[in-house]
Amino acid sequence: MTFHATTAGVPRIGPDRELKKALETYWRDHSTGRALASTATRLVNDYTDQLVDAGLDSAPFQGHSFYDAVLDTSALLGALPERVTNIDDHENDGLPPFIDRLFAAARGTAELPASAMTKWFNTNYHYIVPELSKDQEFRLEDGAWLEDIRDQVNRHGNKVRPVLVGPLTYLALSRTTDGSNPLDHLEALFETYARLLPRIADRGVTWIQLDEPYFVTDVDPALLSRVKAGYRKLADVAHDKGLKLLVQTYYGDGDLAVKTLTGTGVDAFGVDTIAGGKELPSWTGEELLVVGVVDGRNIWRTDLDAALDTLKALAARGPVAVSTSASLLHVPYTLDRETTLSDELRSWLAFGAEKIQEVALLSRALRGQETEEDTKALAASREAVASRKTSELTHNAEVRERTAKITEADRHRGDIEERRAAQKAELNLPPLPTTTIGSFPQTTQIRQARAALRKSELTEEQYNQAMIDEIADVIKRQEDLGLDVLVHGEPERNDMVQYFSEQLEGYHSTEHAWVQSYGSRCVRPPILFGDVRRPDAMTVSWFKEAQKLTDKPVKGMLTGPVTMLAWSFVRDDQPLGDTADQVALALRDETSDLVDAGAKVIQVDEPAIRELLPLKEADQPAYLKWAVGAFRLATSGVEAKTQIHTHMCYSEFNELIGTVGDLDADVTSIEAARNGMQVLAALHDAGYDLGVGPGVWDIHSPRVPKQEEVDQLLSDALANVDPDLLWVNPDCGLKTRGWKETTASLEVLVAAAKKARVGA
């Protein structure tokens, strides 16, 4: 059996974020487990039905995924962290027996720290990093997953295709607790998968998909022969049971996977022709090629004529199926619920449901079975492509003229020693100054006020007053805690990107375009469709309200240009660097206005600067040049006495150590609590000599850190950082935390800083 139309993966959170709500309810009250299981089942069933009803003849299925696919794999392999072993198995409500161990690893408990979380390749999705050891054993805990497969087969027969993270990718993304190499377990993990495949086949499926996006990175050549041998073994086992094996790559060129695994018995290769090449020179035409020609990571309508040309060229060489370039978890569910889009902008877009239809259409067209409706859709695609090229919505002459006048001098601030002396005199801060990253808890009251404004139940004036009252409360709490540099708490901000997108020309903010970021965390990325311009100041009034309430410095808070791109659906009709410079100019104007309003410290957050880093080392310098250049353009329009901060999180930054310095921010705060300050040693070795605030409190867990833990983290930090350059802060913003845990944790943080000052 072969297939002709599919997707590389599926979302899991639900079109109305149903899984998010059920998860958060369960975390508050474990008696709701049956409702959580029921919600997960309904969402999986509905989506598989949607794929099949749309005409796709193979539907990927990840089971009931309650956090992320890598963590699911750790649970399936019996490889959850050893520290959660003693948490009792869960029973009798339809949830997997390991579910509470899984959540403890992801979120921590009152006593146990959470596992590290980082970005999934170069996306805004995250995964929980597996923790392995030299003596790691893999023990299949696959009962719940196998039952999920059986249920889906009962609905749709062998059209269902189970999906797992592949052995290479799983180990390449893992860490060890004892300094050993996770990839030492490669052969053992292939053996474990070989035990699993017959159990999957016995549930009645024909195909299984193993996701191996690690193949699109700079894979160590020494690994390839071991991976090849492992897949040869898996293919033999699969074929003995009548099971076919699809190896799926995405986010880059899949040719290395094809070259490595051709001839091993792997039956099909999934490749991304949006982020990777379209030629696939290593494909012999013997295996099925599952061609990702519909963009699974962005929301622009497919140029169907161009996609068909790609498919036809490949089909002349061998069997092909049509697919998305990546999992549809990266895009919103459907355009149907968006009511504020202009007709012109809507015509350029395709969300998840529309991409599924595009895949089905392309498959029919490739086989010569297109319908009258398909012919109309092809014509509409041509019109949309032409419209985007010439539309006044995408081109602003004033913006383009200003961007063309940017000089290299516009990206430089001057001598660091001069800046350091000027800022010391201006700010007069104690050693190891304390601060937070920006946001404070987004309380029920704040969310209710925002909802009431949308429903016209509050006037603009009433809403603004409610936010001013929140700012006053946050300032008082910070002063009571004894923090040194304050923030206004960002109550008015629904999201650190969306807030700005709603005030910038060239952006559109959606109503229901939710995507999963991690666990229950969902984001609603805006659409950056045209040239970007700032009509008015965006943050100044809120800064003024905060600063007038305190004699301590309040940070002006902005989101950096790279993050504004990374956490949006960005236009693909011009280089990203050009778009980044447009956003940077808007932010440069905002920093000037903040300084004029009295801001002595301005933080321009770039948590996503690592996120867009190309996966191939050879492609990284060009990216870093424009990314660093855009940040410096945004922050270099102020005098030496103005202290510029930035913030980074959610990623592995060791490979970007040089870039942290290149940004030339006076102070960089960085996520460090979960990795035990490891990043600081790398900064020290690289000669980094600017201010740094390594996070001493992991805010992604509800756990309040113990005093001795934070004391030790600060001690470790001081081993690598000059005390004159060290700041004390949490890992990230506090919007997702409650006030009780926030206050308790900040009390610990301030106490640790005061204690460390004595010895510094």
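The values are calculated or read from the model by the stated rules, or taken from the named source; none is laboratory data. Remember, predicted model here, so these are calculated numbers, not experimental data. No Cβ is skipped: glycine too gets one built from the backbone with ideal geometry, and neighbour counts run over all protein chains shown.
Contact map, region 148-169: first residue in contact (Cβ under 8 Å) with a residue 60 or more places away in the chain, second residue among the basic types (K, R), Cβ cut-off under 8 Å, separation 6 or more or different chains; pairs are I149/R203.
Only one of these is touching a residue at least 24 places away in the same chain (Cβ under 8 Å) and surrounded by fewer than 16 Cβ atoms within 10 Å (Cβ to Cβ): P694, P723. Name it. Walk me through it before giving the result.
Numbers: P694 fails: surrounded by fewer than 16 Cβ atoms within 10 Å (Cβ to Cβ).
P723 is the lone residue from the list that is touching a residue at least 24 places away in the same chain (Cβ under 8 Å) and surrounded by fewer than 16 Cβ atoms within 10 Å (Cβ to Cβ).
Residues of region 221-244 that are more than 17 Å from E187 (Cα to Cα) and of a type in the set (V, I, T): none at all. Scanning region 467-489 for residues that are within 23 Å of L558 (Cβ to Cβ), of a type outside the set (K, R) and not in a loop (DSSP other than H, G, I, E, B) yields M467, I468, E470, I471, A472, D473, V474, I475, Q478, L486, G489.
Within region 445-458, identify whether any single residue is assigned by TED's automatic domain parsing to the domain that holds E606, within 25 Å of G560 (Cβ to Cβ) and modelled with pLDDT of 95 or more, and answer yes or no.
Going through region 445-458, the residues assigned by TED's automatic domain parsing to the domain that holds E606 turn out to be 445-458.
Checking the rest, the ones that are also within 25 Å of G560 (Cβ to Cβ) come to 446, 450.
Then keep just the ones that are modelled with pLDDT of 95 or more; that gives none.
No.
From the list L146, L102, L140, the lone residue that is buried (at least 19 other Cβ atoms within 10 Å of the Cβ) and either touching a Leu at 6+ places or on another chain (Cβ under 8 Å) or at pLDDT 95 or above (or both) is L102.
Answer yes or no as to whether V750 is in contact with a Gly (Cβ under 8 Å, 6 or more places away or on another chain) and touching a residue at least 40 places away in the same chain (Cβ under 8 Å). Taking the combined requirement at face value, the residue satisfies it.
If you scan region 292-324, which residues turn out to be over 23 Å from R388 (Cα atoms) and in contact (Cβ under 8 Å) with a residue 12 or more places away in the chain?
L311, K312, A313, L314, A315, R317, G318, P319, V320, A321, V322, S323
For region 357-390, enumerate the residues that are closer than 21 Å to D343 by Cα, surrounded by 15 or more Cβ atoms within 10 Å (Cβ to Cβ) and either without any contact (Cβ under 8 Å) to a residue 12 or more places away in the chain or not β-branched (V, I, T) (or both). Answer for region 357-390, where residues must be closer than 21 Å to D343 by Cα, surrounded by 15 or more Cβ atoms within 10 Å (Cβ to Cβ) and either without any contact (Cβ under 8 Å) to a residue 12 or more places away in the chain or not β-branched (V, I, T) (or both): Q357, E358, D374, A377, L378, S381, A384, S387, R388. Tell me the residue from A238, A257 that is touching a strand residue (DSSP E or B) at 6+ places or on another chain (Cβ under 7 Å) and under 22 Å from F121 (Cβ atoms), please. Only one candidate qualifies: A257.
Quick grid of which residues meet (1) under 25 Å from the mean Cα position of the chain (by Cα); (2) surrounded by 21 or more Cβ atoms within 10 Å (Cβ to Cβ); (3) basic (K, R); (4) at pLDDT 95 or above:
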{"site": "E470", "(1), (2), (3), (4)": "no, yes, no, yes"}
{"site": "D473", "(1), (2), (3), (4)": "no, no, no, yes"}
{"site": "R477", "(1), (2), (3), (4)": "no, no, yes, yes"}
{"site": "G482", "(1), (2), (3), (4)": "no, no, no, yes"}
{"site": "S517", "(1), (2), (3), (4)": "yes, no, no, no"}
{"site": "R521", "(1), (2), (3), (4)": "yes, no, yes, no"}
{"site": "F529", "(1), (2), (3), (4)": "yes, yes, no, yes"}
{"site": "T539", "(1), (2), (3), (4)": "no, yes, no, yes"}
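If you check L196, L164, L146 for being in contact with a strand residue (DSSP E or B) (Cβ under 6 Å, 6 or more places away or on another chain) and either within 25 Å of V52 (Cα to Cα) or in the same structural domain as A40 (by TED's automatic domain parsing) (or both), only one passes: L164.
Listed by first and then second residue, the pairs linking a residue in region 269-291 that is not assigned by TED's automatic domain parsing to the domain that holds L576 and crowded, with 16+ Cβ neighbours inside 10 Å to a residue that is acidic (D, E) and not in a loop (DSSP other than H, G, I, E, B), with Cβ atoms under 7 Å apart and 6 or more places separating them unless they lie on different chains, are L280/D255. Selection of region 176-193 for residues being out of contact with any strand residue (DSSP E or B) (no Cβ under 6 Å at 6 or more places or on another chain) and not in a helix (DSSP H, G or I) yields D178, G179, S180, N181. Taken over region 246-268, residues that are in a loop (DSSP other than H, G, I, E, B) and either farther than 30 Å from S381 by Cβ or outside the structural domain of V385 (by TED's automatic domain parsing) (or both) amount to 6. Can you spot a residue in region 86-99 that is among the aliphatic types (A, V, I, L, M), part of a loop (DSSP other than H, G, I, E, B) and not assigned by TED's automatic domain parsing to the domain that holds I356? No, the conditions are met nowhere in region 86-99. Taken as a whole, region 421-429 holds at least one residue that is surrounded by 15 or more Cβ atoms within 10 Å (Cβ to Cβ), in a loop (DSSP other than H, G, I, E, B) and modelled with pLDDT of 95 or more.
So is R533 among the charged types (D, E, K, R) and in contact with a Pro (Cβ under 9 Å, 6 or more places away or on another chain) or not? Criteria not met by R533.
Contact map, region 553-577: first residue within 11 Å of L612 (Cβ to Cβ), second residue of a type in the set (D, E), Cβ cut-off under 6 Å, separation 6 or more or different chains; pairs are V562/E606; T563/E606; A566/E611.
Taking each residue of region 82-108 that is in contact (Cβ under 8 Å) with a residue 40 or more places away in the chain and looking for partners that are crowded, with 19+ Cβ neighbours inside 10 Å and of a type in the set (S, T, Y) with beta-carbon atoms closer than 7 Å, six or more apart or interchain, yields A106/Y67; A106/S115; R107/S701; G108/S701.
The set of residues from region 31-56 being over 20 Å from E147 (Cα atoms) and without any contact (Cβ under 8 Å) to a residue 12 or more places away in the chain comprises S31, T32, D53.
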